[in-house]
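*Asks:* After the structure tokens below, expect a handful of questions from me.
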């Protein structure tokens, strides 16, 4: 099965990438100003307690040992302990991963079909009113940073014009993100508005190109119904490049929600990352950075495989 | 971290404050203390209950959950004595109580404190007796052993907190007298030790309370007991059924929610998801004041944001350079520019609520460019040999970085090029890497309001930011002498000498006092709008006076 071979090869490359990333993360976090012991104990501390804490955190080990210990731990499923909260990282981060995953999945479930539909429909109605409006709107939306978008939504729906939706998400510790359903509307809405323009524009461009291709014209000339032409011939081929954009956007959702999470005070990995950078909580920073890198690698792999499977000429070229 | 990465440490144990007895003798005061406590209770009750439109007290509504928002992060901690940031102070106050509290002029009072009587005859031996029937959250009655344990924990020389208590007390000086009484034998006389008892970190804990550092428990005598705590997210505190102050607290529950920044905090307040926002940014005040659902309370007790010039480092070694900097600035303009006039002018001094404030009656320093340039020229500075320094500020408080920029701009412009200063905002880790760091000669800091003596102690002993006093100075000796002195006139004379030296040779530039502002829903009742060391009058005295209409 050539496709299995392809996936295996890409997985191997992914592992190599992740190793390189982990090395980079480690080096970057080592270069942080001030040491974690100082950041944790604050300034009102004694050299003895600083020394004791550094010892406890294993900061006196040689850098190579620290790195290899960390890597071996990860391979054994032990991600270490947060310096600051002294909790196991898995225990501390798990609920936040769940929360972020919820935002990401719901955001994707809404934005992907929506953007594919808008893109495809715009291509079909090329240069007509729907296309003009959707293209202009998506161009404007794509140009607005998420925090501006989110702030505008908050002003409109929560604080200034209407008071219909909560301005922030309040999720109790241990509760599921859907326990505050109205609280997640605006963050999800912001993410959907952030992702949809890119995907729909790519979809439109791809679809326009396909609709002008010889084989679509051939299919039409053969007298096939427009419906069959679109669904059987145009759509699968148009989706190929769109998968790549979707994957990148999903990966973006995994790491790039930092701003949206911060804006809405959403307890996800984005805000955990921001918090841990401030607190110099190295194990948490390293874990989250690696996890986000992992999501990127995985998403790209999935996109590549999906593209290959969806595109007949790529599928047949695999050996 | 918003206006918020506060150095709780700075607030901790700047203990050696002062009570100005005026012409009343100490004996009179002690005799009147019981009456004062009762009066204090009555006054605070009246003050905390606004009259309604009919001129009648509105009936207090019991129950409900109060949602309090504050900027915090995963470093949020619970400890009775060792706390770091503003959310820690809020949580400390909801669960723990002190033996005494401060009144409006920062004088120790028995109102809302656990102590019934605090006496001394010599300023060295202090007898503290607590009220009857005070119960901890775990059901245990407060007794003499708990008091001994609390003060031994506070004065533990190995502990990271309460460093400024060390010259006065060590664990050996703490002994039990009876079931409600403890005796503290100080290492040196301190006739104002009551101020230490009123400091909000001098809380009372039960025997065995041991959770330094990161912890998730809270066992105090406060009106609410801890139900849950997740650092950086929230804590929930439920009504302490056997609370000693009968009829209180009014609420069923207080929830303290952490916010990543002040934007999310004020959005949540305006959106109605929280009832109280602690420490709102100045830039938001006009918007919040316009909101018909919200109330804003500005505490003008004297929060300061000093510019620290290190006096044993160039270019500030020569006292004339420091004086010139103080003369070059236009304080009124800084107040308007940085605070939009949400404050009042300071003469590089502090503790305006203290009776000893500006004991020498110095007139406000006006901008005096000619005088400043004359001093600088005498030191040897000129356009070709300018005063060069870089003023560092943190990024987590716009009031600090804003003042740094405005200050630098003013001294550069006013001096016509004789001063060439720059301002740098340190993006991350200012308080760990830059503040008071070796080689940094000019930087920003801030302090919440406190009496003169604790503030002096904070700046000279706990956080010697400017390295004041100079070698050979009598400032520290004067401080100890003033604390030990019981004669009001002799003491006043010492204080004048202390303030004179700070005024003439100090390294702090304090152009104004900042009004610290909090905002809350108009449904919140029981807020005593007086000036206090902590927001909302100690958060409605541990939230026990607050209720929701």
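*Asks:* Could you please let me know if residue B:354 is within 14 Å of chain A (Cβ to nearest Cβ) and in contact with a strand residue (DSSP E or B) (Cβ under 9 Å, 6 or more places away or on another chain)?
*Replies:* Judged against the criteria, residue B:354 is not a match.
*Asks:* A further question on this structure: Just one of B:420, B:392 is within 14 Å of chain A (Cβ to nearest Cβ), touching a helix residue (DSSP H, G or I) at 6+ places or on another chain (Cβ under 8 Å) and not in a helix (DSSP H, G or I); which is it?
*Replies:* Sole residue among the options that is within 14 Å of chain A (Cβ to nearest Cβ), touching a helix residue (DSSP H, G or I) at 6+ places or on another chain (Cβ under 8 Å) and not in a helix (DSSP H, G or I): B:392.
*Asks:* Being free of Cβ contacts under 8 Å to residues at least 12 places away in the same chain and either farther than 30 Å from residue B:105 by Cα or exposed (fewer than 14 other Cβ atoms within 10 Å of the Cβ) (or both) is the requirement here; does residue B:360 meet it?
*Replies:* Details: free of Cβ contacts under 8 Å to residues at least 12 places away in the same chain: no; either farther than 30 Å from residue B:105 by Cα or exposed (fewer than 14 other Cβ atoms within 10 Å of the Cβ) (or both): yes.
Spelling it out, it is not the case that residue B:360 is free of Cβ contacts under 8 Å to residues at least 12 places away in the same chain and either farther than 30 Å from residue B:105 by Cα or exposed (fewer than 14 other Cβ atoms within 10 Å of the Cβ) (or both).
*Asks:* Going by the conditions given, is residue A:223 in contact (Cβ under 8 Å) with a residue 24 or more places away in the chain, part of a loop (DSSP other than H, G, I, E, B), out of contact with any helix residue (DSSP H, G or I) (no Cβ under 6 Å at 6 or more places or on another chain) and surrounded by fewer than 14 Cβ atoms within 10 Å (Cβ to Cβ)?
*Replies:* Considered against the rule, which asks whether it is in contact (Cβ under 8 Å) with a residue 24 or more places away in the chain, part of a loop (DSSP other than H, G, I, E, B), out of contact with any helix residue (DSSP H, G or I) (no Cβ under 6 Å at 6 or more places or on another chain) and surrounded by fewer than 14 Cβ atoms within 10 Å (Cβ to Cβ), residue A:223 comes out as no.
Yes or no, residue by residue, for (1) over 27 Å from the mean Cα position of the chain (by Cα); (2) closer than 21 Å to residue A:277 by Cβ; (3) within 11 Å of chain B (Cβ to nearest Cβ):
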| residue | (1), (2), (3) |
| --- | --- |
| A:30 | no, yes, no |
| A:54 | yes, yes, no |
| A:75 | no, no, no |
| A:90 | no, yes, no |
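*Asks:* Regarding residue B:140, is this residue within 14 Å of another protein chain (Cβ to nearest Cβ) and out of contact with any helix residue (DSSP H, G or I) (no Cβ under 6 Å at 6 or more places or on another chain)? Reasoning before the result, please.
*Replies:* Numbers: within 14 Å of another protein chain (Cβ to nearest Cβ): no; out of contact with any helix residue (DSSP H, G or I) (no Cβ under 6 Å at 6 or more places or on another chain): yes.
No.
*Asks:* Follow-up question, since we're still on this one. Any residue in region B:475-489 that is within 24 Å of residue B:299 (Cβ to Cβ) and under 25 Å from the mean Cα position of the chain (by Cα)?
*Replies:* no
*Asks:* Within region B:155-172, take every residue that is modelled with pLDDT of 85 or more and more than 17 Å from residue B:480 (Cβ to Cβ) and give me the one that is surrounded by the most Cβ atoms within 10 Å (Cβ to Cβ).
*Replies:* B:155
*Asks:* Which condition breaks for residue B:477 when tested against (1) farther than 17 Å from residue B:502 by Cα; (2) surrounded by fewer than 18 Cβ atoms within 10 Å (Cβ to Cβ); (3) modelled with pLDDT of 90 or more?
*Replies:* Against the list (1) farther than 17 Å from residue B:502 by Cα; (2) surrounded by fewer than 18 Cβ atoms within 10 Å (Cβ to Cβ); (3) modelled with pLDDT of 90 or more, residue B:477 comes up short only on (1).
*Asks:* Still on this structure, please answer the following. Tell me whether region B:431-454 contains one or more residues that are within 20 Å of residue B:316 (Cβ to Cβ), surrounded by fewer than 23 Cβ atoms within 10 Å (Cβ to Cβ), touching a helix residue (DSSP H, G or I) at 6+ places or on another chain (Cβ under 6 Å) and more than 14 Å from every other protein chain (Cβ to nearest Cβ).
*Replies:* Within region B:431-454, not a single residue is within 20 Å of residue B:316 (Cβ to Cβ), surrounded by fewer than 23 Cβ atoms within 10 Å (Cβ to Cβ), touching a helix residue (DSSP H, G or I) at 6+ places or on another chain (Cβ under 6 Å) and more than 14 Å from every other protein chain (Cβ to nearest Cβ).
Conditions (1) in contact with a strand residue (DSSP E or B) (Cβ under 7 Å, 6 or more places away or on another chain); (2) within 26 Å of residue A:264 (Cα to Cα); (3) within 13 Å of chain B (Cβ to nearest Cβ), marked per residue:
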| position | (1), (2), (3) |
| --- | --- |
| A:47 | no, no, yes |
| A:60 | no, no, no |
| A:64 | no, no, no |
| A:69 | no, no, no |
| A:100 | no, yes, no |
| A:113 | no, yes, no |
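*Asks:* Also, quick follow-up: Which ones in region A:98-115 are closer than 18 Å to residue A:262 by Cβ and within 12 Å of the chain's Cα centre (by Cα)?
*Replies:* Listed by number, the residues that qualify are A:100, A:101, A:102, A:103, A:104, A:107.
*Asks:* Now for a different question. Being part of a loop (DSSP other than H, G, I, E, B) and away from chain B (no Cβ under 14 Å) is the filter here, so list the residues in region A:243-283 that pass it.
*Replies:* Listed by number, the list holds a single entry, A:256.
*Asks:* Taking the stated definitions as given, is residue B:298 surrounded by fewer than 23 Cβ atoms within 10 Å (Cβ to Cβ), in a strand (DSSP E or B), modelled with pLDDT under 90 and within 14 Å of another protein chain (Cβ to nearest Cβ)? Walk me through it before giving the result.
*Replies:* Details: surrounded by fewer than 23 Cβ atoms within 10 Å (Cβ to Cβ): yes; in a strand (DSSP E or B): yes; modelled with pLDDT under 90: yes; within 14 Å of another protein chain (Cβ to nearest Cβ): no.
Taking the combined requirement at face value, the residue does not satisfy it.
*Asks:* For region B:267-292, give me each residue that is within 22 Å of residue B:528 (Cα to Cα), touching a strand residue (DSSP E or B) at 6+ places or on another chain (Cβ under 6 Å) and within 13 Å of chain A (Cβ to nearest Cβ).
*Replies:* B:269, B:274, B:275, B:277, B:288
*Asks:* Quick one: residue B:319 ticks every box in (1) crowded, with 21+ Cβ neighbours inside 10 Å; (2) under 28 Å from residue B:374 (Cα atoms); (3) touching a helix residue (DSSP H, G or I) at 6+ places or on another chain (Cβ under 7 Å) bar one, so which box is it?
*Replies:* That leaves (1) as the condition not met.
*Asks:* Could you look through region B:232-247, keep only residues that are touching a strand residue (DSSP E or B) at 6+ places or on another chain (Cβ under 8 Å) and within 23 Å of residue B:111 (Cβ to Cβ), and pick out the one that is surrounded by the fewest Cβ atoms within 10 Å (Cβ to Cβ)?
*Replies:* Within region B:232-247, the first condition is being touching a strand residue (DSSP E or B) at 6+ places or on another chain (Cβ under 8 Å), and the residues that meet it are B:232-240, B:242-244.
Checking the rest, the ones that are also within 23 Å of residue B:111 (Cβ to Cβ) come to B:237, B:239-240, B:242-244.
Details: B:237: 28, B:239: 18, B:240: 21, B:242: 13, B:243: 21, B:244: 18.
Only one residue fits best here, namely B:242.
*Asks:* When you scan region A:226-235, do you find a residue that is over 29 Å from residue A:108 (Cβ atoms) and without any contact (Cβ under 8 Å) to a residue 24 or more places away in the chain, even just one?
*Replies:* Looking for residues that are over 29 Å from residue A:108 (Cβ atoms) and without any contact (Cβ under 8 Å) to a residue 24 or more places away in the chain, one finds at least one in region A:226-235, hence yes.
*Asks:* Which ones in region B:367-381 are touching a helix residue (DSSP H, G or I) at 6+ places or on another chain (Cβ under 8 Å) and part of a loop (DSSP other than H, G, I, E, B)?
*Replies:* Narrowing region B:367-381 to residues touching a helix residue (DSSP H, G or I) at 6+ places or on another chain (Cβ under 8 Å): B:367-369, B:371-373, B:375-376, B:378-379, B:381.
Selection gives B:367, B:368, B:381.
*Asks:* Does residue B:90 satisfy the criteria of being within 14 Å of another protein chain (Cβ to nearest Cβ) and either modelled with pLDDT of 90 or more or farther than 22 Å from residue B:249 by Cα (or both)? If you could, list the steps in order and put the result at the bottom.
*Replies:* Values: within 14 Å of another protein chain (Cβ to nearest Cβ): no; either modelled with pLDDT of 90 or more or farther than 22 Å from residue B:249 by Cα (or both): yes.
No: the conditions fail for residue B:90.
*Asks:* Please work out which residue is surrounded by the fewest Cβ atoms within 10 Å (Cβ to Cβ), limiting yourself to region B:248-260 and to residues that are touching a strand residue (DSSP E or B) at 6+ places or on another chain (Cβ under 6 Å) and within 11 Å of another protein chain (Cβ to nearest Cβ).
*Replies:* Across region B:248-260, the extreme among qualifying residues is B:255.
The values are calculated or read from the model by the stated rules, or taken from the named source; none is laboratory data. Computed from a predicted structure; not experimentally measured. So basically every Cβ, Gly included, is an ideal-geometry build from the backbone, and we count neighbours across all protein chains shown.
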